[in-house]
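Notes follow once the structure below has been shown.
Any read-out appearing in this document is the output of simple, stated calculations on the displayed coordinates, not a laboratory observation. Here the structure is a predicted model, which means the values were calculated and not measured. Cβ coordinates were reconstructed from backbone atoms using ideal geometry, including for glycine residues, and neighbour counts include every protein chain displayed.
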Amino acid sequence: MSGVRVRVRGQVQGVGFRPFVWQLAARFGVSGRVLNDAEGVLIEAFGGDLEGFLAALQTEAPVLARVDAVEVAPMEGKAPAGFVIAASGAAGAQTRVTPDAAACSECLREVRDPGDRRFGYAFANCTHCGPRFTILQGLPYDRGKTTMAAFPMCDACRREYDDPGDRRFHAQPVACPDCGPRVWCEPSGGLAEAAALLRGGKVLAVKGLGGFHLACDASNDAVVALLRARKRRPSKPFALMGTLDMIRRFASVTEEAEALLCDPAAPIVLLDKAGEALADGLAPGMGCLGWMVPATPLHHLVLEAVGRPLVMTSGNVSGEPMVIGNDEAREKLSAFVDGFVMHDREIARRLDDSVERAAPRMVLRRARGRVPGTLPLPEGFGDAPQVVAYGGQMKSAICLVKNGQALPGHHLGELDEALTWDALRDADRDYAALFDHRPEVVAVDLHPEYRASKHGRARAEREGLRLEEVQHHHAHLASCLAENGWPLDGGKVAGIILDGTGLGSDGTLWGGEVLLGDYRGFERRAWLKPAPLIGGDMAAREPWRNALVRLDQAGLSDWADELFADRPLAMARMAAARGVNAPLSSSAGRLFDAVAACLGICAEGQSFEGEAAMRLEALAGLSDGLGYWFEPEGPIIDPSRVFKTMAIPPNRSKPASWHSMMFHSGLARAFSHPALSLLESGEVKAVALSGGCFQNAYLLAETIRAFPEGTPILLHRETPANDGGLALGQAVIAAARAVG
């Protein structure tokens, strides 16, 4: 009998796709079979309404599925009497793995139903929700290759698992209180005792999907201060967890924000403070708070028992990756907490919480719930070889390219920390094994001292692979192009790249550039006037150093002497003049620090990266569209006039909110002008905005506003604009060079 062989590619394993196909077959009178294999889902179908069946495959797919392609070919064969779900095919890794997904409404209904056998069960899940990547140990995605293999199913769970009509059909983490993981509180008790400790002002370590969190009552000033003191984290914002109704009491929840909070990824979403107040120390100096809803039944049960919002910040020693093991938690977190919420399901890999903004839509940290999601490569990359890219030194993440897809890896952290460096090497091995990745090309940052670059160079030499070195800001530009599907031969764009620092092709440190380029190459057309970074890396930690050199450049040494009288100015100036540990840099990030320091914001030191800039953004008042004037000197954008205007006596008395607004607006206009000139001359077809500074929503809005309406502007939405997106840019640049 004539039939069709259907290949479905995409995110189609572990999401209930096979029972969905089985149900469609019954509806359309189709016979045959469906199975998982190394390339995705394979269907052999005969008879019935094949046309309707094929159409419904794409239009009615399960909520967690992502169908990239449905390939149909005719076949001849003996039609079976019915339609069956066959066993998985041979092992392989051509298909994607589904990211972890927040508990669905049906599972939560069961957990809250006293008459249900999963009442109060912290690990309820189905094919529409639950852990995936954090429990995965190998492909294909079957229970035996997850950390659930240690929990044999009871008869009741087995019946659900084997029933194609049940939403738990082949849900690999399926479990119940009789056969699945268990939860307990240390030093003693269960979730009721844990909730009582939290209500009583204690700090607990709570084991989640990708690691431990440190939790406490977000309305209790004393315990928030205690947690800061114990963790030695004086001002970095704490993430918060609440129900949607709770969050609405303390934050502005727009329609877009609500949709993002309720997304299956359950990310941390940055929301403006509004309504009732919580503890003062949650996010000092910031205008927004990072909120997430519970991702698991365990978190729902804890939160509902406490009845108030909770701090839910990463459980780690400062600078180290999140803790994931029970013994590791007892060893490393005991000094921070008064107790533990433990469970006995192992975490296969650590994943921080994703951090995102709803309006404008942007991903600041790509992690739990988003990884290992992939991006299709743009048109023209069809013949690209397999590539591995290793990103930068900060906000480390790797990226793989294979079969027309880019797989940006999860956020790892700062590679200066030894355990994060170990985590990068683990991730390299882990992703290669899970996705059967055999690269022909290795891509690294141009900087010779980045640990990630050294690792990539060593691998390329060891395995005889082609090595591609990619300039930092070119990688930022390319990552924005790739996310937006810009074709390989789509033409050049003007890239406004604003960030901290990256090694430029001239050997100096860049960070405020307008580039003319595409995937294959770039030219530097405009840049911020360079200034020495006194003390090298110290300049990023102590903003007064950046203010000093910018004020001296502007002829305002007297004002610098007045502002920073208690600092070692003579020694600092000598280092700058002689170039001793004071490399020149065009960094926009350090310019933010300089302006903040002149306004008395974090002048002596920042307790975390970007603190001064974030506080400056939080202060910005409503824009009048004007802003400080930057003086163009050919391709150089000189900020001296900014500081001269700030120093005028009448302006010195104006509020910091006014200065912040003027600086943001002026910076946006200063960099938009050369980019607009490239557009008007016909040299480019669009503008791309990238680099960590564009995670500043105020700056992003002002930059977009500086262009005429209708200007094609490419933005980051699904990948970070900061260094977390570098590896994607490196990977597509290397792929473009290989394609030719």
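Of note:
- Sorted by Cβ density within 10 Å, fewest first, the residues Ile648, Ile268: Ile648, Ile268
- Chain lengthening between Thr59 and Glu440 when straightened (0.36 nm per residue, less Cα-Cα): 133.5 nm
- Least to most buried among Lys654, Lys402 (fewest other Cβ within 10 Å first): Lys654, Lys402
- Percentage relative contact order, the range 621-673, counting C-alpha pairs under 8 Å, at least six apart: 50
- A protection proxy built from the mean count of other Cβ atoms within 10 Å ranks the segments 589-597, 471-479, 355-363, most packed first, as 471-479, 589-597, 355-363.
- Sites Arg705 and Lys454 - FRET efficiency at Förster radius 60 Å, r taken between beta-carbons, to 0.05: 0.90
- Peptides 294-301, 556-563 ordered by average Cβ neighbours within 10 Å, highest first: 294-301, 556-563
- Placing pseudo-labels 7 Å out from each Cα toward the beta carbon at Arg158 and Ala565 gives an inter-label distance of 8.2 nm.
- Label point distance in nm, Ser334-Arg641, each placed 7 Å from Cα along Cα→Cβ: 6.3
- Global form of the range 365-503, assessed from the alpha-carbon gyration tensor, a/c cut-off 1.5: rounded
- Per-residue ellipticity at 222 nm, computed for the chain from helices alone with -39500 (n - 2.57) per DSSP H run of at least four residues, works out to -9500 deg cm²/dmol.
- A Cβ-based charge dipole, computed about the Cα centre of the chain with Lys and Arg at +1 and Asp and Glu at -1, lands at about 520 debye.
- Ordering Met661, Pro543, Ser188 by the projection of their Cα atoms onto the charge dipole of the chain, which places +1 on the Cβ of Lys and Arg and -1 on the Cβ of Asp and Glu, puts Ser188 at the extreme positive end.
- Only Cα pairs under 8 Å and 6+ residues apart enter the sum, and on that basis the relative contact order of the chain stands at 12 percent.
- Take the Cα of Asp537, step 7 Å toward its Cβ, do the same at Asp221, and the gap between the two points is 3.7 nm.
- Working from Cα pairs under 8 Å separated by at least six residues, relative contact order for the range 99-181 is 31 percent.
- FRET efficiency for Ser505 and Asp383, using Cβ-Cβ distance with R0 set to 30 Å, rounded to 0.05: 0.65
- Percent antiparallel among DSSP beta bridges (both partners in the chain, rounded to 5): 70
- Exposure proxy order (Cβ contacts within 10 Å, fewest to most) of Val371, Val739: Val739, Val371
- Selection from Gly589, Ile637, Gly290, by position along the positive dipole direction of the chain (Cβ): Gly290
- If the segment from Trp658 to Ala432 were pulled out straight at 0.36 nm per residue, it would be longer than the present Cα-Cα gap by 76.3 nm.
- For a label point 7 Å along the Cα-to-beta-carbon line of Ala196, residues of the range 303-330 with backbone N under 19 Å: 303-308
- Rounded FRET efficiency, nearest 0.05, which uses the C-beta distance separating Met75 from Ala305 and R0 of 60 Å: 0.60
- For the range 650-719: rounded, prolate or oblate by the Cα gyration tensor [a/c cutoff 1.5]: oblate
- Positive-end ranking of Val224, Phe564, Thr59 along the dipole of the chain, with charges on Cβ about the Cα centre, is headed by Val224.
- About its Cα centre, the range 139-276 has a charge dipole of approximately 840 debye under the convention of +1 per Lys or Arg Cβ and -1 per Asp or Glu Cβ, with nothing else charged.
- Under 23 Å from the Cα of Lys529 - lysines, other chains or at least 8 residues apart: Lys644
- Rounded to 10°, Cα long-axis angle of helix 588-598 versus longest principal axis of the chain: 60
- Prolate/oblate/rounded call for the range 56-151, Cα gyration tensor, a/c under 1.5 rounded: prolate
- Dipole magnitude for the range 527-714: computed about the Cα centre from +1 point charges on Lys and Arg Cβ and -1 point charges on Asp and Glu Cβ, it is near 120 debye.
- Figure legend: label point modelled 7 angstrom from the Cα of Glu256 along Cα→Cβ; residues of the range 708-730 with amide N under 12 Å from it are 717.
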